[in-house]
1. Return the residues of segment 85-101 that are away from the ligand (no atom under 11 Å from the Cβ) and within 35 Å of the chain's Cα centre (by Cα); say none if nothing qualifies.
2. Can you tell me which residue among ALA47, ALA32, ALA94 is surrounded by 12 or more Cβ atoms within 10 Å (Cβ to Cβ), at pLDDT 85 or above and under 26 Å from ILE4 (Cβ atoms)?
3. Name the pairs: first residue in segment 70-85 and closer than 14 Å to ALA97 by Cβ, second residue among the hydroxyl-bearing types (Ser, Thr, Tyr) and near the ligand (Cβ under 8 Å from one of its atoms), Cβ to Cβ under 7 Å, at least 6 apart or on different chains?
4. If GLY77 meets every condition in (1) in contact with a Lys or Arg (Cβ under 6 Å, 6 or more places away or on another chain); (2) exposed (fewer than 14 other Cβ atoms within 10 Å of the Cβ) apart from one, which number is that one?
5. From the residues in segment 51-74 that are modelled with pLDDT of 85 or more and under 30 Å from ASP86 (Cα atoms), which one is surrounded by the most Cβ atoms within 10 Å (Cβ to Cβ)?
6. Can you pull out the residues in segment 55-80 that are within 16 Å of the ligand (Cβ to nearest atom) and assigned to a loop (DSSP other than H, G, I, E, B)?
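The values are calculated or read from the model by the stated rules, or taken from the named source; none is laboratory data. None of these values were measured; they are calculated from a predicted model. Cβ sites come from the backbone with ideal geometry, for glycine too, and all protein chains shown count toward neighbours.
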Amino acid sequence: MVAIGSLMLGSLIAVGLLLTFSWWGLVASMSAAIGAFLSWLLFRCLAEHLRLQKKIAGCDFEGTITGPYEETIWACGNCGQMLHTDLRCDSCGAEIASDDN
Ligand SMILES: [Zn+2]
């Protein structure tokens, strides 16, 4: 909430500066907008860090932790190499037998 609030406040200040002053208002508006974006980024980063620390400590936390989701990588049971197809292993040539058929 603080991150979004700072971004909105900075945007309002940027628009206000742009409307109030003409040319120097443009420069000040750009710097206010960049500052608002950077503070939004900083607050988001801090929030993510707190969530990660809470997760490591085993505490409850709100929000979601961004990042890659879990993926399943299939490996050959014969040679242990990663499988690229579901028919046969590219490394050792063993055919893949599934439990379905
Ligand atoms: Zn293999």
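1. Applying the first criterion (away from the ligand (no atom under 11 Å from the Cβ)) to segment 85-101 yields 85-87, 97-101.
Of everything in segment 85-101, those that are away from the ligand (no atom under 11 Å from the Cβ) and within 35 Å of the chain's Cα centre (by Cα) turn out to be THR85, ASP86, LEU87.
2. Working: ALA32 fails: at pLDDT 85 or above; ALA94 fails: under 26 Å from ILE4 (Cβ atoms).
Unique residue meeting the criteria: ALA47.
3. That search, which allows pairs on different chains as well, returns CYS76/SER91.
4. (1)
5. Step by step, filter segment 51-74, then rank; the result is TRP74.
6. As a first pass, look at segment 55-80 and keep what is within 16 Å of the ligand (Cβ to nearest atom): 73-80.
Selection gives ILE73, TRP74, CYS76, GLY77, ASN78, CYS79, GLY80.
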